[in-house]
Amino acid sequence: MEQSGAHAGFACSASLASLPKAVSTCITAQLHWFRYPKVGKVWAARWALGVALQAAKAAANGACGGVGLCGSRLAIFEGAKATAVDDVRPSAADYTAAGLNRPHGLKVHTSRGDVISARAVVHCTNAYSSALLPELRGLLIPVRNHVAATAPLHASQAMLDIAVYARRGYVYWSPRPDGRLVFGGFRDEVPGMEEGNDDDANLDQHIRSRLHEYLPAHFPSRFDGAACGPHFEMEWAGILGFTADRFPLVGALPAAPPSAGPSCSRAGQFICAGFSGHGMTRAFSSAEGLARQLLQLPGGRAPLPLAFQPHGRM
């Protein structure tokens, strides 16, 4: 690990030089810190806006990008929820062509009355995917997660400029360039661990109190007393999408059971969801891998693992 720039600490007195022996003899050792400097942080809202702007610019310029998208158009439907995906050509014979060469056999309906014809539809709504794919109920479940952001910390309170997780990932924080600290966790302390909860309009009061208590309790020299903060400016809940094996579902959808409705062949429909709390590290490469499949391109730098395929898992 040292050669790759990573460093770790154990709760026993063994040195890293004797790590194999330490692992075998110090059974009660627990990894209590791990630092890997070659990582990055993402401002999610700015990233999403940047991707949308780049896509719109490429479409406006007629850019092909070497992926066979010449003449493609981009339409972003803001403030419109997809309410149904209809298969208007349910016969399998209509889908003999692969990828985006198949006929426009799908129609997407929105809450404002739009009807969009499509060759392929990719479901990228993570925990909410079962709204249009009822066969995913119980297989891809929502999990509520609580996060808070402090006001800019005083220089004497500044934390190391590293992303941190503790308590097996149930507590974590990340400093922002403006001095704020984004802090979350503690869902393991409430019954059910917030699994099956998609209510992002309300916050659990026990989790809120634990978020407020943690920094003063563990860093008293920086946060000594209520007057020294930290002051939390914002608190919110976000909904994660968890699968049973914690692997995402990325690829073509299998045919749905008849109970899913009259249009359940799922031909031409794909999914990229179920990142189980690790979307920042998996979602972008998974989306690229799926896009390459749809465009019949080689796998690229990060080919999709077979374990991500939906077939056999739903």
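Where strands (runs of 3 or more DSSP E) fall entirely within segment 109-157, none has at least 2 residues that are modelled with pLDDT of 95 or more, farther than 25 Å from residue 202 by Cβ and of a type in the set (Lys, Arg).
Note on segment 165-200: among residues that are among the hydrophobic types (A, V, I, L, M, F, W, C) and at pLDDT 95 or above, the one that is farthest from the chain's Cα centre (by Cα) is 190.
If you check 287, 267 for being open to solvent by 30 Å² or more (accessible area, probe 1.4 Å) and either touching a residue at least 40 places away in the same chain (Cβ under 8 Å) or of a type in the set (Gly, Ala, Ser) (or both), only one passes: 287.
Could you go through segment 189-199 and let me know if any residue there is of a type in the set (D, E, K, R), open to solvent by 50 Å² or more (accessible area, probe 1.4 Å), without any contact (Cβ under 8 Å) to a residue 24 or more places away in the chain and closer than 16 Å to residue 237 by Cα. The answer is yes, given that some residue of segment 189-199 is of a type in the set (D, E, K, R), open to solvent by 50 Å² or more (accessible area, probe 1.4 Å), without any contact (Cβ under 8 Å) to a residue 24 or more places away in the chain and closer than 16 Å to residue 237 by Cα.
Taken over segment 200-231, the criterion of being surrounded by 14 or more Cβ atoms within 10 Å (Cβ to Cβ) and more than 29 Å from residue 128 (Cβ to Cβ) is satisfied by 212, 214, 215, 216, 222, 223, 228, 229, 230. If you check 240, 211 for being part of a helix (DSSP H, G or I) and under 23 Å from residue 44 (Cα atoms), only one passes: 211. None of 234, 280 is among the aliphatic types (A, V, I, L, M), under 25 Å from residue 203 (Cα atoms), open to solvent by 20 Å² or more (accessible area, probe 1.4 Å) and at pLDDT below 90 except 280. The selection criterion, being in contact with a helix residue (DSSP H, G or I) (Cβ under 6 Å, 6 or more places away or on another chain), more than 30 Å from residue 158 (Cβ to Cβ) and open to solvent by less than 20 Å² (accessible area, probe 1.4 Å), holds for residue 256.
Are any residues in segment 145-173 in contact (Cβ under 8 Å) with a residue 40 or more places away in the chain, among the hydroxyl-bearing types (Ser, Thr, Tyr) and touching a strand residue (DSSP E or B) at 6+ places or on another chain (Cβ under 9 Å), and if so, which ones? Within segment 145-173, 150 is the sole residue that qualifies. Number of residues in segment 75-105 that are part of a strand (DSSP E or B) and either loosely packed, with under 13 Cβ neighbours inside 10 Å or modelled with pLDDT of 90 or more (or both) equals 4. Of everything in segment 290-314 that is outside any loop (DSSP other than H, G, I, E, B) and of a type in the set (A, V, I, L, M, F, W, C), the residue that is most open to solvent (accessible area, probe 1.4 Å) is 306. Consider segment 133-144 and keep the residues that are surrounded by fewer than 18 Cβ atoms within 10 Å (Cβ to Cβ) and either touching a residue at least 40 places away in the same chain (Cβ under 8 Å) or in contact with a strand residue (DSSP E or B) (Cβ under 8 Å, 6 or more places away or on another chain) (or both). The one that is nearest to residue 266 (Cα to Cα) is 134.
Scoring residue 239 on the criteria (1) among the β-branched types (Val, Ile, Thr); (2) in contact with a Phe, Trp or Tyr (Cβ under 8 Å, 6 or more places away or on another chain); (3) exposed (fewer than 13 other Cβ atoms within 10 Å of the Cβ) leaves a single failure, condition (3). Being within 23 Å of residue 128 (Cβ to Cβ) and surrounded by 18 or more Cβ atoms within 10 Å (Cβ to Cβ) is a description that applies to residue 184. State all residues of segment 186-239 that are at positive phi and of a type in the set (D, E, K, R); if no residue qualifies, say none. Residue satisfying the conditions is 194 alone.
The values are calculated or read from the model by the stated rules, or taken from the named source; none is laboratory data. Just so you know, these numbers come straight off a predicted model, no measurement behind them. All Cβ positions, glycine included, derive from the backbone under ideal geometry; neighbour counts span all protein chains shown. We work out accessible area using only protein heavy atoms, side chains counted, and drop any ligands, DNA or RNA first. Shrake-Rupley method; radii C 1.70, N 1.55, O 1.52, S 1.80 Å.
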